[in-house]
Every structure is written in C-alpha cells, then in structure tokens.
C-alpha cells in the first residue's frame, strides 16, 4: 500500500505541528523528485512557470528597469538628458518584451542574450555614463533567483 494514495501509518510523533511529515508528501509517488515532475526532491511542489516568470520579471523591473524609468531628468543636462530619454524609451520597450515572454525559461534565456547583444552593449554604455543600473549589475541576483526558482536555461 506504499503508493496507493492512502496515508501511511507512522509512529506516534512522526508528524510535525503542521500535520505533515516535515515537508515530505503524505502520499509519496515513485516519480517525486524526478526532473519534470511537479515535486522537487524535498517533496515540496515546484512553482508554476507563470509564477516563476512573474517573479523574474518583477526582479528585473525593481532592480534594473524602474530606476531607469524613474530617473529624474533634472539631474542631467544637455546631451545627458537626451541620452536619458533614449534609454528610457528603450527600457520601456524592454519591460514590455520581458512581460510578454511565454515562460520563466524564456525570460532567463533572453536575459542572458541581452547581456551580450550589440544593442544591449550600446545601451549598457549609456546607462553606465548616466550612472544608472545595467543588466550586468543585477546579473548575480537574477541568476540566484532563477536558480532558487529551479528555472534551467
């Protein structure tokens, strides 16, 4: 009756105060922990791709895109103010692009591509000159989040 769906008999005290077995599934499956199965090896459900995608996009918006979009033009003069307007327009398009990717994996793959594309390098130089965050500045945190969300690229 190990995988029949019925709860297994456990010794008294085997359940934690939440009523489960320390995060392990009460009805284990022989497929738990296998890649592509909706549970990690810990028995905890894997986050849905749409939720992971939203967390990744939110991270980029909060740490990279919002500071650019909300930069005060009065802080800049002349040519730098024009550069700011250009990078803000490019950033608005970038935000929309990331929001419309189909999956968390798409977000991660395109983030990595954006770190090295010719267009991204041009924008990167302008952002650096304006002392604004670049994708490369948020790379470590983004990659850690992707890893924590179990998003492979």
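The values are calculated or read from the model by the stated rules, or taken from the named source; none is laboratory data. Small disclaimer: the values here were computed from a predicted structure and weren't measured. When we count neighbours, we look across all protein chains shown, and the Cβ atoms used for this are built from the backbone with ideal geometry, even at glycine.
The table for this structure:
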item: Out of 126, 96, sole residue that is touching a helix residue (DSSP H, G or I) at 6+ places or on another chain (Cβ under 9 Å) and either in a helix (DSSP H, G or I) or surrounded by 15 or more Cβ atoms within 10 Å (Cβ to Cβ) (or both); result: 126
item: Residue within region 81-90 that is closer than 26 Å to residue 50 by Cα and either surrounded by 13 or more Cβ atoms within 10 Å (Cβ to Cβ) or free of Cβ contacts under 8 Å to residues at least 40 places away in the same chain (or both) present; result: yes
item: Residue 113 vs. criteria over 14 Å from residue 58 (Cα atoms) and touching a residue at least 40 places away in the same chain (Cβ under 8 Å); result: no
item: Of the criteria (1) assigned to a helix (DSSP H, G or I); (2) surrounded by 16 or more Cβ atoms within 10 Å (Cβ to Cβ); (3) more than 13 Å from the chain's Cα centre (by Cα), which one residue 113 fails; result: (2)
item: Filter result for residue 74 (surrounded by fewer than 16 Cβ atoms within 10 Å (Cβ to Cβ), part of a loop (DSSP other than H, G, I, E, B) and free of Cβ contacts under 8 Å to residues at least 12 places away in the same chain); result: no
item: Residue count for region 52-82, restricted to those that are touching a helix residue (DSSP H, G or I) at 6+ places or on another chain (Cβ under 9 Å) and at pLDDT below 95; result: 0
